[in-house]
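Step one of this worksheet: look at the structure below.
The values are calculated or read from the model by the stated rules, or taken from the named source; none is laboratory data. The structure presented is a predicted model; accordingly, all values stated were derived computationally and were not measured. FYI the Cβ positions are ideal-geometry reconstructions off the backbone, even for glycines, and counts take in every protein chain you see. Areas reflect the complete protein model, heavy atoms only, side chains present, ligands, DNA and RNA absent. Shrake-Rupley method; radii C 1.70, N 1.55, O 1.52, S 1.80 Å.
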Amino acid sequence: MTASLNTEQLSAIARLVDEAQASGQSLPLPTAQHKNFDIACGYAVQDLLRERWRARGRRLVGYKAGLTSRAKMAQMKVDVPTFGFITADMAVPDGGICSTKLLSRPRVEPEIAFLLKPDIPPLLQTEADVLAATAFITPAIEIIDSRYSDYKFDLPSVVADNSSSAHYVIGGCPRRPDQVDLRTIGIVVLQNGEIVGEAASGAVLGNPVRTIVMLSNWLADRGEAMAGGSLILTGGACEARQVSAGDSVCARFQGMGDVIVRFAGED
Ligand code: OOG
Ligand code: MG
């Protein structure tokens, strides 16, 4: 698929997204600015964004999938999964503090994450291929943030914003793939001690492993191979929750421990 805007227009949008992500400023939707801004344009902007990050020394460590559960699709009114990239400096340690200073409208969502082995085949075509290529499955919280006002967007615009990436926390007790039933892990989210979200891991495409098959095929279609050793966030299992400075969030994964993050207004 080729993008319908020219390279100059796409680069200008990538610069604006990059600046908004770094400063916590809001952006108009690219689809409101350019009537031809389609999904191919969204991914073209994402690629240019990735190049800008790389040029600044940000290290890519994996991928994120978004809108892979019905709850998330219904919440965001977008019914197609999206992909994006994650970097080492987006990580917040388990039990650590996430600064809200440069975030516009942060939300949290519980996710099952996969850590792949260093040497993997170029294409993971089946669920069995993915499981054989997986070193660990680990509980995670993704902290997402939209650069668009009122957290409202359409598919091409959220893709251009790298699927609302901001931070992630990996924690709890990682397991080998043969130690868990990936369809039935119970997940409870607590915000300041109150239950605010519940899901089973199967809420993500019936089994979050399917996210990785989809991602691998998507990469192959664009002539890229999934990088060995990647960390992959498979998508929020329930509705994302808005958070603000002072909040404490715990995502409890059945048999896999807790992931905890606190939010503060300062670094
Ligand atoms: C889009 C990003 C979605 C997920 O896990 O569904 C995402 C959004 O909701 O802002 O990361
Ligand atoms: Mg997510």
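At 1.4 Å probe radius, can you tell me the per residue accessible area of segment 24-70 in Å²? Let's see the in-between values first.
Values: 2330 Å² over 47 residues.
That works out to 50 Å² for each residue.
Quote the relative contact order of segment 60-264 in percent (integer), defining contacts as alpha-carbon pairs under 8 Å separated by 6+ residues. Please report the intermediate quantities before stating the final value.
On the way: 513 pairs, mean separation 70.6, N = 205.
Computed over segment 60-264, the figure is 34 percent.
At 7 Å along Cα-to-Cβ for each site, give me the label-to-label distance between Thr7 and Arg59 in nm.
3.0 nm
I'd like the distance between the alpha-carbon centres of segment 143-199 and segment 205-219, rounded to an integer number of Å.
Using only Cα atoms, the two centres lie 16 Å from each other.
If the elastic network links every pair of Cα atoms under 10 Å, which of Pro122, Pro139, Pro174 fluctuates the most in the Gaussian network model of the chain?
Pro122
Would you calculate a helix-derived [θ] at 222 nm for the chain, using -39,500 (n - 2.57) for each DSSP H run of n ≥ 4 and dividing by the full residue count, to the nearest 500?
Numbers: 7 runs with 71 residues, N = 267.
Calculated mean residue ellipticity at 222 nm is -8000 deg cm²/dmol.
How many angstrom lie between the Cα centre of segment 52-128 and the Cα centre of segment 241-267?
Between the Cα centres of segment 52-128 and segment 241-267 lies a distance of 16 Å.
Just to confirm the filter: which GluC sites (Glu not before Pro) across segment 75-146 are DSSP coil and have at most 16 other Cβ within 10 angstrom of their Cβ? Each step should come with its number before you reach the end.
On the way: sites: Glu111, Glu127, Glu142; in loops: none.
Here no GluC sites (Glu not before Pro) fit, given the DSSP loop and packing criteria.
Taking amide H positions as placed 1.01 Å from N in the peptide plane, with prolines and chain starts having none, which residues 5 or more places from Glu198, or on another chain, fall under 5 Å of its amide H?
Under 5 Å from the amide H of Glu198 lie the amide H atoms of Val189, each far enough along the sequence or on another chain.
Show the residues, 5+ positions off or on another chain, whose built amide H is closer than 5 Å to the amide H of Arg105.
Distant-sequence amide H within range of Arg105: Ser146.
With a cap of 12 neighbouring Cβ atoms within 10 Å, and only residues DSSP puts in a loop, list the trypsin sites (Lys or Arg not before Pro) found in segment 169-235. Please list the in-between numbers first.
Working: sites: Arg175, Arg183, Arg210, Arg222; in loops: Arg183, Arg222.
Taking segment 169-235 and a limit of 12 other Cβ atoms within 10 Å, the loop trypsin sites (Lys or Arg not before Pro) found are Arg222.
Take the alpha carbon gyration tensor of segment 151-262, find the square roots of its eigenvalues, order them as a ≥ b ≥ c, and report rounded if a/c is under 1.5; if not, report prolate when a/b exceeds b/c, else oblate. Don't skip to the answer; put the middle values down first.
Numbers: a/c = 1.92, a/b = 1.23, b/c = 1.56.
Note, shape of segment 151-262 comes out oblate.
Report in % the part of the accessible area of the chain that belongs to carbon and sulfur, leaving out ligands and nucleic acids; probe 1.4 Å.
Working: 5880 of 11480 Å².
Carbon-and-sulfur percentage of accessible area, whole number: 51.
Can you check how the C-alpha radius of gyration of segment 60-264 compares to 2.2 N^0.38 Å, as a plain ratio? Before the final figure, lay out the partial values.
On the way: Rg = 15.6 Å, N = 205, 2.2 N^0.38 = 16.6 Å.
Cα-based Rg divided by the globular estimate yields 0.94.
Would you please classify the overall shape of segment 29-80 from the alpha carbon gyration tensor, given that a ≥ b ≥ c denote the square roots of the eigenvalues, rounded means a/c under 1.5, and beyond that prolate means a/b larger than b/c while oblate covers the rest?
Details: a/c = 3.07, a/b = 1.29, b/c = 2.39.
Judged from the Cα gyration tensor, segment 29-80 comes out oblate (a/c at least 1.5, b/c at or above a/b).
Within a Cβ distance under 15 Å of Gly171, other residues only, what is the Lys/Arg minus Asp/Glu net charge?
Local charge sum for Gly171: -2.
Indicate the gyration tensor shape class of segment 32-169 (rounded, prolate or oblate), computed on the Cα atoms with a ≥ b ≥ c the square roots of the eigenvalues: a/c under 1.5 is rounded; otherwise a/b larger than b/c is prolate and the rest oblate. Don't jump to the answer; show the numbers that get you there.
Working: a/c = 1.44, a/b = 1.26, b/c = 1.14.
Rounded, since a/c falls under 1.5.
Please give the charge dipole size of the chain, origin at the Cα centre, charges +1 on K and R Cβ atoms and -1 on D and E Cβ atoms. Round to the nearest 20 debye.
On the way: 26 positive and 30 negative charges, 30 e Å.
Computed about the Cα centre, the dipole is about 140 debye.
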